[in-house]
Amino acid sequence: MTAALSARALEKRYGSTTALAGVDLDVGEGELLGLLGPNGAGKSTLVKIACGLVRPTRGHAEICGAKAGSLEARRRIGYLAELFRFPGWYSADELLVLHQRLAGSDGGEAERTELLELVGLAEARDRRVEAMSKGMQQRLGIAQALVGAPPLLLLDEPTSALDPVGRRTVRQLLEELRRRGTSVLLNSHLLSEIELVCDRVVILLRGEVVTEGSPAELSRPRGIEIETDQGTTIHEGGHEDVPRLVDELVRAGRKVYGVRVLTSTLEDTYLEAVGGETS
């Protein structure tokens, strides 16, 4: 099966600065991949190469089997940049009409209606962009990225300006896109959002992949905390060791009041991977 996005030995240098140092990465069909890393890790460069805005120094990237940057590849992606600007005098509906023309979409009013409903802006169809909150504009940006139903969506910090309700709306949207088979590369600093919605996480540091896996795989066991009549102690092991440890303590005459299996969070794993690097 052809990956929605495939990068092999991807390198990018700007003079003496190495932005990417041989990255291998795949985003499968219908997969939500979270991209994490501090500032300068190479995340934006990777996304720009996928969009065709930057050419790699070495290696290659493909979108659904087409060379990144080619017309065929660009037709298969939807993109929302972190710092986007839409004409303030346009209404939400007019903006989507514009992007339908740019994308060559023949979805018409039906497509625009579906997209506005999908991002929770059905009631703001005729509202001008300049009269919208930043969060509403961001959700409108996701709608424009979905014009033409591209198989791959590239989102750069799509929830950074949203309140909890807005972030939940975006999470529900991403889950619906997964159900439809749309692939998503999600670049975000909000680890909690990545952990909730993504199938897999890739952590970049200084242009290299340092950690990858599902959120569950990256949540490593850190022992078992057991509270007894003699206090609280931490034992080595995981879920499978709980019955044995409790049985041993009871046989030794201890009263067990509570048991908690400790695991590292995605945040713990991220901080271990990047060390002292700041976002």
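Overview of values
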| item | result |
| --- | --- |
| Tally of residues being acidic (Asp, Glu), surrounded by 13 or more Cβ atoms within 10 Å (Cβ to Cβ) and closer than 22 Å to Leu177 by Cβ across region 90-142 | 4 |
| Breaking point among (1) surrounded by fewer than 18 Cβ atoms within 10 Å (Cβ to Cβ); (2) farther than 19 Å from Leu177 by Cβ; (3) in contact with a helix residue (DSSP H, G or I) (Cβ under 7 Å, 6 or more places away or on another chain); (4) modelled with pLDDT of 90 or more, for Ala161 | (4) |
| Complete set of residues in region 169-193 that are crowded, with 17+ Cβ neighbours inside 10 Å, within 17 Å of Gly28 (Cβ to Cβ) and touching a Pro at 6+ places or on another chain (Cβ under 9 Å) | Leu174, Thr182, Ser183, Leu186 |
| Elements of type helices (runs of 4 or more DSSP H) contained in region 90-156, each with 2 or more residues being in the same structural domain as Asp26 (by TED's automatic domain parsing) and more than 30 Å from Ile49 (Cβ to Cβ) | 92-103, 108-118 |
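The values are calculated or read from the model by the stated rules, or taken from the named source; none is laboratory data. Every value quoted in this text rests on a predicted model; they were computed, and no experiment measured them. Here the Cβ is made from the backbone with ideal geometry for all residues, glycine too, and neighbour counts use every protein chain on show.
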